[in-house]
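Each reported figure results from applying straightforward, stated rules to the coordinates on display, with no laboratory input. Computed from a predicted model, the values in this text were never measured in an experiment. Cβ atoms come from the backbone with ideal geometry, glycine included; neighbour counts cover every protein chain shown.
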Amino acid sequence: MGPAAWPARAEPLRVTDQQAELLGVPAGPLTAERLADILANDTDTGLLQRLPQASTPEKTQELVPALAALWEILVPEGEREALLEGRYQRLVVVPDGLLAPLPLEVLVVQKTPRVQMLLDVGPPVLYVPSGTVLGNLLERPEGATPPAKQPVLTVGDCRYGDSPQEQAQELWAAWTPARRYSSLGGRLTALQHAGQEMQWVAEVFGRAGTKVAWLPRELATEAAVRYNLPGRRIVHFACHGLVDGAWGNLFGALALTPGPNPQDPANDGFLTLGEIYELPLQGCELVILSACQTNVGPQQWGEGVWALSRGFLVAGSRRVVASQWLLDDEAAASMVSVFCAAVAEAHKEGRPPDYAAALQKAKRWVRRQPEWQEPHFWAPLVLIGPHRPNAGAKAIGPAKPIVPSHTCGIGDETYANAQSTQVGGKP
């Protein structure tokens, strides 16, 4: 949709002869078949198949001509001018089919004298599965549940212990997530920068006067997460994300610390998509999934993807930051910290955060770092949901830290000016 003075309209998308020769597809209308050949094809040369590997200048440069052509194909000329001239405050993308996994910020808007992508010069971008979903998210009442005294919860730096293969020998259920991943030969290793990421999140919110509850290491179990979610306005996960292409991503999961009984599917360390649907997230404004492939899953035409991100929206969160492909642990930790700093600053000033602008700022910061300037490092995290709250939304204010009586691990941890409290769940 254009500016207020412009009517909404449908634009036919076409591939010119020159673009067709460059992309290796027939010229003509941009059909689903042509788009599939461009983005994900049988020869593994599609843009979606090569973008996650664009971690060096040479690999990125190979994709520049195709990304520039796709910019011209997907965005009509009038909209291209409006986007680059600052006439749009936001770009809301409702992708369908193979466009769903594509972060539009990677589209090349200028090839010479220096490559510029939409991230560099365009407005903040946000994504929604469908127009209906966007309307429902905007209409959700603010403050559906009383806010917790520590409105931010960070979960991560998990302890994975034995491999899924070893745990699976003792599991009675053939269709538990642990058994499913053991059959695929998976083994989970600790994320080197997850603990640092949690610390940075606590620091930036603490400096803004917002208290943070922690579920680190052995405390980061499914049971503890469920018990400590009610009333949180922002929830952050720093852990492994797992996608299962079979069964509609039913076994897709966030990998948390396993509970004491590996035979308990509700606390086995795999917070599955089905379990995410039932989380108590009413009143939550933002879930940050700093985990791999959390916006990846089977696609349903007209309704987006059945990804972990969708589960958190269904459970009650108004918006989710999720990933389109595998994350670089260190770059993602830095990007999340810059993003949270911008959100926390808005809270400190008493204004609703502009989440889309905050994520754009974080991506641009990462892109300016010499070792992380390629799309592999900054492009996968996307914002799903509205950039603004409903009319009655309020900023998150400071709150005093508490140690609930039900904690199974208690300790006040102070980093810089940030005071945070470890909390635990029911045994």
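Values for this structure:
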item: Charge sum, other residues only, whose C-beta stays under 14 Å from Ala27's C-beta, Lys/Arg counted +1 and Asp/Glu -1; result: -3
item: Sparsely packed chymotrypsin sites (Phe, Trp or Tyr not before Pro) within the range 283-356, loop by DSSP, other Cβ within 10 Å at most 10; result: Trp301
item: Footprinting exposure proxy for Tyr277, Tyr227 (fewest neighbouring C-beta atoms within 10 Å first); result: Tyr277, Tyr227
item: Radius 13 Å from Cβ of Arg14, net charge of other residues (Lys, Arg +1; Asp, Glu -1); result: -3
item: Qualifying GluC sites (Glu not before Pro) in the range 37-124, DSSP loop, other Cβ atoms within 10 Å at most 15; result: Glu85
item: The range 318-393: projected area of the alpha-carbon convex hull, averaged over directions, in nm²; result: 5.0 nm²
item: GluC sites (Glu not before Pro) within the range 310-378, DSSP loop, no more than 14 other Cβ atoms inside 10 Å; result: Glu349
item: Burial order of peptide ranges 260-266, 10-16, 197-203, 356-362 (average beta-carbon count within 10 Å, highest first); result: 197-203, 356-362, 260-266, 10-16
item: Residue-wise HN-Hα coupling along the range 341-350, computed from phi with Karplus coefficients 6.51, -1.76, 1.60 (Hz; x: Gly, Pro); result: 4, 5, 5, 5, 4, 5, 4, 4, 7, x
item: Cα convex hull of the range 244-389 - mean projected area over all directions, nm²; result: 10.1 nm²
item: Where the Cα pairs of the range 14-123 fall when distances are cut into 10 Å bins, in %; result: 13, 48, 35, 4
item: Residues Ile288, Ile38, sorted so that the one with the fewest Cβ neighbours within 10 Å comes first; result: Ile38, Ile288
